[in-house]
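Worksheet for the structure shown next.
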Amino acid sequence: MTRAVSLRRLAGLASLGLLLLAGCAKPARDDLYVLLPGQDGHSSGAVTVESGGKQAILGQPYEAARVKEPGRVEPGTVTPEQVQQAFGPALAAQPPRPVSFVLYFLENRDELTPESKPTLTRVIEEIARLPAPEIVVIGHTDRVGTVARNDALSLQRAGRMRDELVKAGVDPAKIRVEGRGEREPLVPTPDEVAEPRNRRVEINVR
Amino acid sequence: MLVIASAAEPVGAQEAGHVKVSKGTVQIERGGQKVPAIVGATVQSGDVVTTGSDGSVGITFLDNSLLSAGPNSVLAIDRFAFDTTTHQGAFESSLQKGTLAVVSGKLAKASPDAMKVKTPAAVLGVRGTEFLVRTGDGKE
């Protein structure tokens, strides 16, 4: 009897000690997960945070989850100021966003439409501003003419744009050129239909 | 399986992205070697990117994902595979310590399970926007 009581007392003391320890000790981790607003300021999607079988879904801008130890996921929110404080240098190191341009061409030729010429200038300006730029130039056609002819024309248009970029000082090793012919129209049409919006080159810059 | 897959791919297929921003001490560990992560450096699947107490780094991946890490960070690119035509593939990375900002790219947009970020305590799944639709006349 006495032995059982003292054991119990001992167990009680031990758990008190554990409690005190837990109270004093810092949490094992200080993990923080935050969903940011997208470029338009609205929700940018969702992120699931899973830890030790527990899950939180962050679906709103500035929704956050803290994980102090595996299996303890605490939902909450943070302010933009707290985000800056915790993640400032990481956010400041974000690479520029990739940008996509579309330039339109005269029928059956590799000449830009007059309206698209200023766009080419903007492409060149964007590339000049980028660190270690990479450029992908993809040519397209409408559905007038044979598939083979349009494959060649789409490559010719893309190649013409590459030449313009190189002339403006862009390193040709950083430019990839593709021709997709009439396969990927911006505006789907029946065969042999002339469609100015499909006579285009896409220039992706990052 | 990953080893077999990468062995079957042509040289250069391991390329995952490029360093676009590099401040202070930033290194890439690859196969036991450390190289400085200068602007323009290639990042490969399997690399570990580390930043010093004065360091930060920004990487643009082939699918347009943007990852950037703050000081005192260790970021492992565990797996990166991206089909530029179908946008299918996988992107798994782990932040062993430090801070990381992520803008997901074409992989996460094409399939909700393609992109995962791990930490020692958690696994993050990156989903495109999710929403529910109900249509009908409301008499139910």
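What follows is calculated from the coordinates using simple rules that are stated; it is not laboratory data. In this text the structure is predicted, and so the values were computed from the model without any measurement. We place every Cβ from the backbone using ideal geometry, glycine too, and count neighbours over all the protein chains shown.
Taking every residue in A:124-132 and counting other chain Cβ atoms within 10 Å of its Cβ, the average works out to 2.
Enter the angle in degrees (range 0 to 90, nearest 10) between the Cα long axis of helix A:2-24 and the first principal axis of the Cα atoms of chain A, meaning the one along which they spread out most. The angle comes out near 40 degrees. As I understand it, the value is the acute angle between the Cα axis of helix A:80-92 and the longest principal axis of the Cα atoms of chain A; what does it come to in degrees, rounded to 10? Once rounded, the angle reads 50 degrees.
R0 = 22 Å: FRET efficiency of B:Lys118 with A:Arg72, Cβ-based, nearest 0.05? Intermediate results must be reported in sequence, preceding the final value.
Values: r = 17 Å, r/R0 = 0.79.
Once rounded, the FRET efficiency stands at 0.80.
Spacing of the modelled spin labels on A:Leu106 and A:Lys54, each 7 Å from Cα toward Cβ, amounts to 6.8 nm. Taking every alpha-carbon pair in region A:141-180 and binning the separations at 10 Å intervals from zero gives 31, 43, 21, 5 percent. Evaluate peptide A:50-57: per residue, the Cβ atoms of other protein chains within 10 Å of its Cβ; return the mean as an integer. Taking the mean over all residues of the peptide, I get 3.
The calculated 222 nm mean residue ellipticity attributable to helices in chain A amounts to -11500 deg cm²/dmol, summing -39500 (n - 2.57) over DSSP H runs of n ≥ 4 and dividing by all residues.
For region A:167-188, the residues whose backbone nitrogen is under 17 Å from a point 7 Å from the Cα of A:Val99, taken along Cα to Cβ, are A:168-171. Here A:Asp163 and A:Asp40 are evaluated by their C-beta separation; at R0 = 35 Å the FRET efficiency comes out at 0.45.
Would you pull out the residues with amide H under 5 Å of B:Gln44's amide H, same chain only if 5 or more places away, H placed 1.01 Å from N? Residues meeting the criterion, in which the H sits 1.01 Å from N, are B:Ala16.
Normalising the average separation of contacting C-alpha pairs (under 8 angstrom, six or more residues apart) by the number of residues puts the relative contact order of chain A at 18 percent.
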